[in-house]
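S.K.: Just passing along the structure, written as C-alpha cells.
The values are calculated or read from the model by the stated rules, or taken from the named source; none is laboratory data. It should be emphasised that the depicted structure is a prediction, and the values quoted were computed from it without experimental measurement. Glycine also receives a Cβ, built like all others from the backbone with ideal geometry; neighbour counts cover every protein chain displayed. SASA here: full protein model, heavy atoms, side chains in, ligands and nucleic acids out. Shrake-Rupley method; radii C 1.70, N 1.55, O 1.52, S 1.80 Å.
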Amino acid sequence: MASDGKAEDSVKIQILKDALYDEMRQHGSESRAFSQKDILDLNIIPNGNLELLLQVVQRLCDDKLLVGIANHHAGMAWRWRSKEEAKKYTTLPNDETVMVYSIIDEAGADGIWNRTIKNKLNMHEAVVKNCIKFLESKGYIASMKNVEHPNKKMYIKATLRPSERATGGPWFTEGELDTAFITELEGIVFEYIKTKSAYRGSQPHPGGAAGAGTTKVPKRGAVTAGETTARGTKRSATEISNDDTTTSSPSAAQTKGTSGGGTATSKSRTVFLPMPAGYKHYPTVAEIAKFIHDTGITNNTTLGEADIQQLVDVLTYDGLVEMVRVGRRRGYRVARAVKQDTVPFHKRQKEREAGNGLDLPLVQGAEPLSNGLTEAPCGRCPVFQLCEEGGPVSPSNCVYFLQWLELEDLPKAVAPNVAVQP
C-alpha cells in the first residue's frame, strides 16, 4: 500500500510538473524570472502547498526545464528553458561539461571569456579546454569577437546572436569600426538636416556693384567736419533719415562702367537662409530615421532611432548642427546656414575626383570661423617652434607669407624683399 501511495504521488507530481511548465511558458518569455509568489499565482499548485511546490520545482530543475537564479527583489526565482535546450544537457558526458555549458548559457548574448569560466568554476585549465572542445564539436557553443575585448577568446551559445554591446552594433563590421560607413552616413544625415532646416534664397555677391541689392545702413548720429552744425553734437532723427533720400540713388561715377559707359548690374548668389522665428518643422531624429529607412541606403543594416541619435550627436559635437526646441518637439537645424555650401558634399567629392574645384577647400558644413591670427601664416604655422632669425625657418625667408600674399611667382631677387621682417 505504501508503494501504491508513492506511485500516486509521483504521477501527481508529474502531472503538476507538466501543467506548471506549460503555464509558465504561456505567461512569460525565457528571460522572465518567476518568483515563488508568481508561481503560486498561476493556480497550478493546489491550496498553495509549499511542500508540493518544492517537489514540483525540484523535478523541473532536475530535468533542466527550470533554471534557478538569484533575484535581488524577490529572492530565489526561476526561468524556464525550452525542451530542446534541456535535452542538450542530458546528452553531455560528465558534470564538468554540464557546468561549463551552463555558465556559457547564463552569459547570454554577451558571451564569456574562457578564463572567466576557469575562475568561476575553479577548474584546471586543461579540463576547461577539453569541455569547450567537446561543446564546439557538438555545435552547442561557438567562439565570438567582442569589440570591448578584441584580444580575449570569448564563447557564446551557438543558437544566440551576439548582442550589440559585444559586436558594437551597426558601426562595426567583423569586429572593426567601419569608419567609411559612418562617414558616408553622417554626410547623408547632415545634408538632410540642412535641406529641411534652411531654404534657398539669393544674396548679393561680395564682388557685385557697390550698394546694389544691399540694405542701406544709416550713418552714425555724430556730426563730422564740414557740416553746418557744430562738431561734436548729435543730429536729430530727421536729419539722419534724410540720408536715405540724399544717397538712395547712386551717382554716375558709381553706376557707369569704366570702359563702355554702361551701368553695372548687381550680382547675386544662391545661399541657404535660416528659417524664420517660430518655425515648427525642424527635422527630428524619428523623421531622419524614417528617411534613412525609406531610402534603403543602408542595405541590410537596420538602424533604429538610437543609432541615428548617435550620428546626430556627433554632428552636434562637431558644431555642424544644433538642437532646437519648439514646444515639446525637439528638432535639429544646420549651424551658420548662410555659410553652408549649396552643392551637396558628395557632389563636391565627385567633382574633386574628376579634377574640378581642387583649389576650393573640401569641408563638410561651413568653413571654420577665422580671425586675423588664424588667417595669417603664423597662426597656423606647422614649424612655429623652429622659427627664429638665423635658424632654418625665419620671417625673412618665410615661404608661407609669400603664398599668403600671393607673391610666390615673383622673381627670386624680388621675393625676399617683400617677406616680413622680424
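S.K.: Look at K12 and say whether it is open to solvent by 40 Å² or more (accessible area, probe 1.4 Å) and either among the aliphatic types (A, V, I, L, M) or over 48 Å from the mean Cα position of the chain (by Cα) (or both).
M.R.: yes
S.K.: Among the numbered conditions (1) at pLDDT 85 or above; (2) exposed (fewer than 12 other Cβ atoms within 10 Å of the Cβ); (3) not polar (S, T, N, Q), tell me where L54 comes up short.
M.R.: For L54, the exception is condition (2).
Here is a yes/no grid of residues against (1) among the aliphatic types (A, V, I, L, M); (2) farther than 30 Å from N151 by Cα:
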| residue | (1), (2) |
| --- | --- |
| D9 | no, yes |
| Q26 | no, yes |
| L53 | yes, yes |
| L65 | yes, yes |
| M76 | yes, yes |
| S82 | no, yes |
| T90 | no, yes |
| I104 | yes, no |
| R115 | no, no |
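S.K.: Give just the number: which of (1) in contact with a helix residue (DSSP H, G or I) (Cβ under 7 Å, 6 or more places away or on another chain); (2) crowded, with 17+ Cβ neighbours inside 10 Å; (3) β-branched (V, I, T) does I103 not satisfy?
M.R.: (2)
S.K.: Looking only at the range 134-161, count how many residues are open to solvent by 80 Å² or more (accessible area, probe 1.4 Å) and in a loop (DSSP other than H, G, I, E, B).
M.R.: Qualifying residue count for the region: 3.
S.K.: Do any residues in the range 77-102 that are over 12 Å from L66 (Cβ atoms) and outside the structural domain of I141 (by TED's automatic domain parsing) have Cβ atoms under 8 Å from those of residues that are small (G, A, S) and open to solvent by less than 60 Å² (accessible area, probe 1.4 Å), where the two are at least six apart or on different chains, and which pairs are they?
M.R.: The qualifying pairs do not exist here.
S.K.: If I filter the range 126-160 down to residues being touching a Gly at 6+ places or on another chain (Cβ under 7 Å) and not aliphatic (A, V, I, L, M), which single residue comes out as modelled with the highest pLDDT?
M.R.: So, considering only residues that are touching a Gly at 6+ places or on another chain (Cβ under 7 Å) and not aliphatic (A, V, I, L, M), the one modelled with the highest pLDDT is Y155.
S.K.: Would it be correct to say that R200 is open to solvent by 50 Å² or more (accessible area, probe 1.4 Å), assigned to a strand (DSSP E or B) and within 30 Å of R330 (Cα to Cα)?
M.R.: The answer is yes for R200.
S.K.: Within the range 71-122, can you find the residues that are part of a helix (DSSP H, G or I) and of a type in the set (S, T, Y)?
M.R.: The answer is Y89, T90, T97, Y101, S102, T116.
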